[in-house]
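Here the structure comes first, spelled out in structure tokens, and everything after it is commentary.
Where a number appears in this text, it was derived from the coordinates with a stated rule and is not lab data. These figures come from a predicted structure and were not determined experimentally. Virtual Cβ from ideal backbone geometry, glycine too; neighbours counted across all protein chains shown.
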Amino acid sequence: MLTLYSFGPGANSLKPLLALYEKGLEFTPRFVDPTRFEHHEDWFKKINPRGQVPALDHDGHIITESTVICEYLEDAFPEAPRLRPVDPVNIAEMRVWTKWVDEYFCWCVSTIGWERMIGPMARALSDEEFEAKVARIPVPEQRTKWRTARAGFPKDVLAEEMRKIGVSVNRLEMRLAESPWLAGDEFTLADVCNFAIANGMQNGFSDIVNREATPHLVAWIEKINDRPACKTMFAHSKSEFADRGRKVTA
């Protein structure tokens, strides 16, 4: 039995969520509400002591870290549709892209997201409420990040992160101008993991991600959104807020 705990179809939570739908695996989605800080509640920290999503429960075995979960699904369910190439060279190419998104692309986009969304959420709390929430965060670095977001990230930090986003967008555009998918001719975890961060940038970062400046990147985002598994994921995820324990079959 598979149960995925996540924030729903966005950012790192989207990676294993889309992988599950692409592979056609039956699973139980459990939405963890970030606006209610559910990932820092005791019940969830029993699942992942770090208080972070996504987390996959496979017959009582807990797998964490979004890209690791995606690779785990490839190993645990080899009979399901593949999201990892067969050829070792192509596997290496795929992992270059999944490593890059985890170590570079995700972080710069995340900082801007924290500034735009988490900061206002944190500032809406009273000092007492905020300190009570922060006290429940198990990872010291995350407590620091929440305090920084509440105060507002320094302008030089935001400027540097925007520069890195520009570098990231350019790298994706250049690659997709020469290849239909990031790791070659096949749709792989390279696309799943980078799509998780890039999807929506044509709205949130429309000055640099648009049909004129990045036609290949926008076309790739739209192509993935048009995949049946992706459409099903978004359609089913809308009801996760109301029915978090519903079992679905992709």
remark   = For the chain, the charge dipole (Cβ of Lys, Arg +1; Cβ of Asp, Glu -1; about the Cα centre) points to a positive end, and the Cα of His236, Phe37, Val167 closest to that extreme belongs to Phe37
query = Under a GNM of the chain (C-alpha, springs under 10 Å), which listed residue has the highest mean-square fluctuation: Asn12, Asn210, Asn194?
reply = Asn210
task = Rounding to the nearest 20 debye, state how big the charge dipole of the range 88-227 is about its Cα centre with +1 on each Lys and Arg Cβ and -1 on each Asp and Glu Cβ.
result = 340 debye
query = Length gain on complete extension for the stretch Arg82 to Trp43, per 0.36 nm per residue less the alpha carbon to alpha carbon distance?
reply = 10.7 nm
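When every alpha-carbon pair in the chain is counted, what percent end up more than 34 Å apart?
Working: 5240 of 31125 pairs.
So the pairs more than 34 Å apart make up 17 percent of the total in the chain.
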request  = Would you mind calculating the relative contact order of the chain from Cα pairs under 8 angstrom and at least 6 residues apart, reporting the percent as a whole number?
outcome  = 29 percent
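Work out how much length Arg227 to Met1 would gain on full extension: take 0.36 nm times their residue separation and subtract the Cα-Cα distance, in nm to one decimal.
Once the chain is fully extended between Arg227 and Met1, it gains 78.8 nm.
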query = In whole Hz, what ³J(HN,Hα) sequence does the range 214-224 give by Karplus (6.51, -1.76, 1.60; θ = phi - 60°), x for Gly and Pro?
reply = 9, x, 6, 5, 5, 5, 5, 4, 5, 5, 6
note = Per the range 1-59, sqrt(5λ) over the Cα gyration tensor eigenvalues, sorted largest first, in Å, gives 20, 13, 8
task = Once you've got the Cα coordinates, tell me which of Lys15/Lys223; Lys164/Lys223; Lys15/Lys145; Lys46/Lys133; Lys133/Lys164; Lys45/Lys145 are over 21 Å apart.
result = Lys164/Lys223; Lys15/Lys145; Lys133/Lys164
ask   = Once both labels are modelled 7 Å past Cα along the beta-carbon direction, what's the Lys155-Tyr104 spacing in nm?
value = 2.8 nm
task = Take every DSSP beta bridge whose two residues both sit in the chain, then give the antiparallel share in percent to the nearest 5.
result = 75 percent
Estimated dipole of the chain in Debye, rounded to 20 [Cβ of Lys and Arg +1, of Asp and Glu -1, Cα centre] = 520 debye
Relative contact order (%) - criterion: Cα under 8 Å, at least six apart; region: the range 88-227 = 30 percent
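For the range 88-227, rounded, prolate or oblate, judged on the Cα gyration tensor with a ≥ b ≥ c (square roots of eigenvalues), a/c < 1.5 rounded, else prolate if a/b > b/c?
Prolate, because a/c is 1.5 or more and a/b exceeds b/c.
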ask   = If the chain between Lys164 and Asn203 were fully stretched, how many nm would it gain, using 0.36 nm times the residue separation less the Cα-Cα distance?
value = 12.2 nm
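So what is Rg over Rh here for the range 60-164, counting just Cα atoms and using Kirkwood for Rh?
1.11
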